[in-house]
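What follows is calculated from the coordinates using simple rules that are stated; it is not laboratory data. Bear in mind the structure is a predicted one, so any value in this text is a computation, not a measurement. All Cβ positions, glycine included, derive from the backbone under ideal geometry; neighbour counts span all protein chains shown.
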């Protein structure tokens, strides 16, 4: 069973994402900011990370760059899930090491579809 780490400072977003993913057989864990996300990614070695961008302290761009450059976590795919919908934000997120970029609101079905596609690749 694949483990997905959700890094988002919104408890509501985390709850909705966890419910959708768990309903489709995924295990989930959560971190409420980028620093905690980095720590949990190194400890848990999830199969996939859904990363918000706008968070206090270490933002999602910084956390993604850190994870993508760390030999321990560089193979973990990261999908950015954020309200930052400008094309420049998407390009920047992908340059930091994300494999995909979704703009909120994201339907539960789309979230599950992306998780399944990335994990099947």
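Here is how the numbers come out for the structure above:
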{"item": "Potential lengthening between residue 110 and residue 72 on full extension [0.36 nm per residue; Cα-Cα distance subtracted]", "result": "10.8 nm"}
{"item": "For the chain, built as a Gaussian network whose Cα springs stay under 10 Å, the top-fluctuating residue of 35, 98, 109", "result": "109"}
{"item": "Separation of the residue 83 and residue 117 label points, Cα + 7 Å toward Cβ, nm", "result": "2.5"}
{"item": "Per-residue Cβ neighbour rank within 10 angstrom, fewest leading, 40, 104", "result": "104, 40"}
{"item": "Neighbour-count ranking [beta-carbon atoms within 10 angstrom, fewest first] of 76, 6", "result": "76, 6"}
{"item": "Distance between modelled label sites at residue 2 and residue 103, nm, 7 Å Cα→Cβ extension", "result": "2.5"}
{"item": "Compactness of the chain - radius of gyration and Dmax, Cα, Å", "result": "12.6, 35"}
